[in-house]
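Inspection log for the structure reproduced underneath, given as structure tokens.
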Amino acid sequence: MKVTSIALGATFASLLSGTAMAEQITVFDWSGYDDPGFFGAYVEKYGEAPNFSFFADDHEGFNKLRSGFKADLAHPCTSVIGKMRATDMLSPIDVSRLEAWGDLLPTLANLPFVSADGQVWMLPFDWGNTGLVYRTDLVTGDINLQTLADPAMAGKISLPDAVEDAYALAALAVGVSDWSQMTDEKFQEASDFLRAVHTNVRFYWSDQGQLDAAIKSGEIHAAWAWNATELAMIFDEIPAKMIRDPEVGVASWACGYVHLNNGEGGDEEVYDFLNALSSAESGKYLIESWGYAHANAKSYEIADQDAVAAYGYSDPEGFMASSLFGFNPSQEIAAKMLKEFERIKAGF
Amino acid sequence: MIVTKETKTGLLLSAPATLYVLLLIAAPVALTIAYSFWTQDFVEVRREFTWANYAEVFSDPLYRTLIFRSVRIAAMVTFLTVLLAYPIAYYIAFNVKKSKALWLFLVTIPFWTSYLLRVFSWKIVLAQNGVVNSALLSLGIIDAPLDTLLYNSEAVVVTLAHAWAPFAILPIFVSLEKIDRSLLEASKDLGEGPVRSFLRVTLPLSIPGIVGACLIIFIPTVGDYVTPALVGGSDGAMVANMIQVQFGKANNWPLGSALALSAVVCVTIAACIVVGALKLLERSLK
């Protein structure tokens with residue numbers, strides 16, 4: 001009798017835990033990234049996708065992990081890696097177990113937040129640009145970053161409601177092309193630039209759909225935006241484009257997968273998932289179906305060449321070398337920027 | 001203390017409510033108060049007593065502006081909502097003879113859709129190519145779409161005033177409905193016209209309903225977060241948006257807690273002033 005009830009209890013426990021396989025991994029991700037096209041090889045091997053849980057922005061995700069949420073892998077972007085490492089959340093990634101590590105774009109593999117202290121902390125997955133997107137039919141004449149502060153553009157500008165993106169723009173506008181050049185003096189100049197642009201800003205966008213709709217309707221003429229906005233315009237045949245000329249200034253972002261040290265899934269599953277994500281096939285799918293750039297250099301060779309050219313990914317290495325990467329000022333200046341950006345938005 | 005059977009029953013009966021209040025109200029408030037005296041040190045919270053967060057909240061013009069703006073927006077919303085709700089409540093209480101319940105039911109219809117959807121609808125109404133602009137354009141009243149409709153504090157006031165209307169109509173209706181009709185007849189018999197009857201009898205007797213409506217609207221709207229985030233733009237941002245930033249992106253919970261508590265104190269003071277002013281009005285009308 002007692003044996004049966006224990007057996008029953010165990011059965012229930014395994015039912016409650018969701019899967020029969022105790023090794024099943026949990027991936028903490030942006031919504032939409034549970035697209036099986038990204039990790040086809042993993043699904044082939046295990047017959048099902050891992051468990052997914054979602055966050056809406058980096059900081060929310062970080063706070064949830066801080067308060068004890070357990071997952072094996074997470075997909076943050078570069079701005080919270082510093083915080084994650086400071087709180088000892090991450091396990092280093094053993095690159096010898098990654099088949100495609102050598103095929104990754106070198107700039108991504110060597111980013112300061114990817115490789116640090118002789119270890120690799122993140123597997124870069126997707127990257128793209130943040131740049132000046134403008135309506136080619138509504139903005140006439142030469143356009144550069146200073147155009148955003150031009151009084152003639154009053155009420156026709158949108159900036160991102162994210163300190164990392166806004167200060168990347170400001171840094172480029174004051175001639176900083178590497179975060180290590182961001183001194184206190186440059187920080188002041190950059191803040192003054194944002195303050196000048198603020199008077200022209202109609203709204204600070206936090207939701208890409210809102211920005212896209214405003215550009216389509218002609219309410220916004222120029223914006224500092226992700227390349228996904230340019231893609232949305234290409235899909236809807238709106239005359240708009242992103243300036244990728246390094247002379248004008250363009251920034252890049254990168255996101256990737258980190259190995260959390262409180263996960264309960266199997267180690268082998270974690271690496272199988274990372275291998276599936278970093279394969280060239282995954283990259284081909286990301287480029288063709290999502291229009292985003294992938295970290296694996298070989299994926300650009302096997303993807304549809306028309307798409308690669310249309311989305312501006314023909315020379316990813318050369319392109320990245322000339323853009324401002326990620327958000328990596330000193331911790332002290334980053335904290336100042338955060339405060340200052342809130343003041344600027346409030347009109348101070 | 002001798003525990004009688006009666007005390008025992010009493011304690012048992014009040015235990016669930018006490019537990020509920022302790023766990024869901026007292027504990028979170030205590031935690032917020034504790035946090036407001038601590039400091040954030042990058043990713044860690046340093047648990048040493050300090051007034052620094054409050055000093056920052058009260059010395060920095062940014063936070064002062066946001067708190068005052070929130071109080072001002074909420075006061076405007078309250079005033080506008082009560083002003084618009086009063087005639088509706090008056091009509092239902094005095095002029096609708098049959099099926100009052102149906103009328104009240106109709107008033108609550110906006111609540112059938114989510115609050116968020118109503119805010120989004122206002123965005124569509126006020127947008128540059130929205131309902132108001134296209135109507136004015138097609139009527140030839142304006143030549144170019146107005147861009148002053150959305151993304152400012154007025155848009156926040158309009159949106160909130162619409163969303164909270166039923167909360168004003170219902171309490172005012174109840175207080176009007178309770179008025180003894182013979183008092184109005186007496187006023188008429190004594191030679192007062194309709195305007196003076198309203199000012200000296202109906203209005204003073206409906207003040208409790210107005211006070212209720214003001215409090216129900218003012219207190220939650222000061223802390224509203226969604227509406228300013230969606231239609232407020234940068235000069236319609238309110239204190240709740242800043243509190244959210246502190247708990248999210250800025251990752252400074254102690255400062256966020258101090259801001260939240262300071263806002264609570266300001267709201268309490270402002271609410272007391274509103275209630276006091278209405279009581280004075282009531283006395284002067286009588």
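The values are calculated or read from the model by the stated rules, or taken from the named source; none is laboratory data. Note that the coordinates shown come from a computational prediction; the quantities given were computed from them, not determined experimentally. Note: ideal-geometry Cβ built from the backbone for every residue, glycine included; neighbour counts use all protein chains shown.
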Before we move on, is residue A:125 within 14 Å of chain B (Cβ to nearest Cβ), touching a helix residue (DSSP H, G or I) at 6+ places or on another chain (Cβ under 8 Å) and either within 30 Å of residue A:91 (Cα to Cα) or modelled with pLDDT under 95 (or both)? no
Name every residue in the range A:95-124 that is surrounded by fewer than 17 Cβ atoms within 10 Å (Cβ to Cβ) and either touching a residue at least 60 places away in the same chain (Cβ under 8 Å) or not assigned by TED's automatic domain parsing to the domain that holds residue A:272 (or both), in order of residue number. A:97, A:99, A:106, A:112
Applying the selection to the range A:163-182, what residues are surrounded by fewer than 21 Cβ atoms within 10 Å (Cβ to Cβ), part of a loop (DSSP other than H, G, I, E, B) and in contact (Cβ under 8 Å) with a residue 40 or more places away in the chain? A:177, A:178
Within 14 Å of chain B (Cβ to nearest Cβ) and either among the β-branched types (Val, Ile, Thr) or under 17 Å from the mean Cα position of the chain (by Cα) (or both), is that true of residue A:327? yes
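Residues are listed down the side, and each one gets a yes or a no for (1) more than 22 Å from residue A:165 (Cβ to Cβ); (2) modelled with pLDDT under 95; (3) within 18 Å of the chain's Cα centre (by Cα):
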position: A:21; (1), (2), (3): yes, yes, no
position: A:33; (1), (2), (3): no, yes, yes
position: A:56; (1), (2), (3): no, yes, yes
position: A:61; (1), (2), (3): no, yes, yes
position: A:67; (1), (2), (3): yes, yes, no
position: A:84; (1), (2), (3): no, yes, yes
position: A:112; (1), (2), (3): no, yes, yes
position: A:115; (1), (2), (3): yes, yes, yes
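A quick yes/no check of all residues on (1) within 14 Å of chain B (Cβ to nearest Cβ); (2) over 25 Å from the mean Cα position of the chain (by Cα); (3) among the acidic types (Asp, Glu):
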site: A:142; (1), (2), (3): no, yes, yes
site: A:146; (1), (2), (3): no, yes, no
site: A:149; (1), (2), (3): no, yes, no
site: A:155; (1), (2), (3): yes, yes, no
site: A:175; (1), (2), (3): no, no, no
site: A:188; (1), (2), (3): no, yes, no
site: A:194; (1), (2), (3): yes, no, no
site: A:207; (1), (2), (3): yes, no, yes
site: A:218; (1), (2), (3): yes, yes, no
The range B:230-245, subset facing chain A (nearest Cβ under 9 Å) and assigned to a helix (DSSP H, G or I), residue nearest to residue B:148 (Cα to Cα): B:230
Among the residues that make up the range B:190-206, is at least one of them surrounded by 19 or more Cβ atoms within 10 Å (Cβ to Cβ), within 24 Å of residue B:106 (Cα to Cα), at pLDDT 90 or above and in contact with an Asp or Glu (Cβ under 8 Å, 6 or more places away or on another chain)? no
For the range B:207-229, does any single residue satisfy the condition of being modelled with pLDDT of 90 or more, within 14 Å of another protein chain (Cβ to nearest Cβ) and assigned to a loop (DSSP other than H, G, I, E, B)? yes
Return the only residue of B:32, B:65, B:9 being in a helix (DSSP H, G or I) and over 30 Å from residue A:332 (Cβ atoms). B:9
I need the full set of residues from the range A:330-348 which are among the polar types (S, T, N, Q) and more than 9 Å from chain B (Cβ to nearest Cβ), in order please. A:330
Complete set of residues in the range B:12-34 that are within 26 Å of the chain's Cα centre (by Cα) and either within 14 Å of another protein chain (Cβ to nearest Cβ) or farther than 30 Å from residue A:338 by Cα (or both): B:20, B:21, B:22, B:23, B:24, B:25, B:26, B:27, B:31
